[in-house]
1. Could you identify the single residue in Ala47, Ala7 that is of a type outside the set (Ser, Thr, Tyr) and at pLDDT 85 or above?
2. Of the numbered conditions (1) more than 22 Å from Pro140 (Cβ to Cβ); (2) in contact with a Pro (Cβ under 6 Å, 6 or more places away or on another chain), Val55 fails exactly one; give the number of that condition.
3. Scanning for something within 20 Å of Pro142 (Cα to Cα), touching a residue at least 12 places away in the same chain (Cβ under 8 Å), surrounded by 14 or more Cβ atoms within 10 Å (Cβ to Cβ) and touching a Gly at 6+ places or on another chain (Cβ under 7 Å), does the stretch 28-39 turn up at least one residue?
4. Check Val137, Val55, Val62, Val84 and return the single one that is in contact with a Leu (Cβ under 7 Å, 6 or more places away or on another chain) and β-branched (Val, Ile, Thr).
5. In the stretch 27-86, what count of residues is obtained for those that are within 19 Å of Gly119 (Cβ to Cβ), small (Gly, Ala, Ser) and out of contact with any strand residue (DSSP E or B) (no Cβ under 7 Å at 6 or more places or on another chain)?
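The values are calculated or read from the model by the stated rules, or taken from the named source; none is laboratory data. Note that this is a predicted model, so its numbers are computed, not measured. We place every Cβ from the backbone using ideal geometry, glycine too, and count neighbours over all the protein chains shown.
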Amino acid sequence: MYSVLLAAVLALLPTVVVHAPKADLTLEVARTGSQREHGLMNRTELAPHSGMIFVFDRDEFVNFWMKNTLLPLDMIFIGADGTVRRVYADVPVLHPQTSDERIPLEGAPAKYVIELGAGEAAKDGIAAGVKLDLRGVPSPAP
């Protein structure tokens, strides 16, 4: 029952369009702790130029991992001013039985993190130093 409720809540996430150099990205917005924790877990597909943007309270070092993530992803760490600081490209899927302590962490200083399907960041012209227009992204929720 919990997973059904969580899926229903996540299906209601707002979306925002972020303009990348070569594409417009349609991103679900994860603004709360539980939304950020769940992220793209258990998804089996992502449409091209779509994914999720994680919004944090402040610009600080954040870590991400691929627990229960069924798709290889690009993780894009972005500063408060919209400047891409780090792109982890093609982060692989892990075996579902991998213990938590063996799951690698990918991290960098960020106020925002975008996750897209593997290879999408390069196709969309996103690299370290690129500035993205994040004006439509809402603030984090309490």
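1. Ala47
2. Answer for Val55: the failing condition is (1).
3. yes
4. Values: Val137 fails: in contact with a Leu (Cβ under 7 Å, 6 or more places away or on another chain); Val55 fails: in contact with a Leu (Cβ under 7 Å, 6 or more places away or on another chain); Val62 fails: in contact with a Leu (Cβ under 7 Å, 6 or more places away or on another chain).
Selected residue: Val84, the only one of Val137, Val55, Val62, Val84 that is in contact with a Leu (Cβ under 7 Å, 6 or more places away or on another chain) and β-branched (Val, Ile, Thr).
5. Count: 1.
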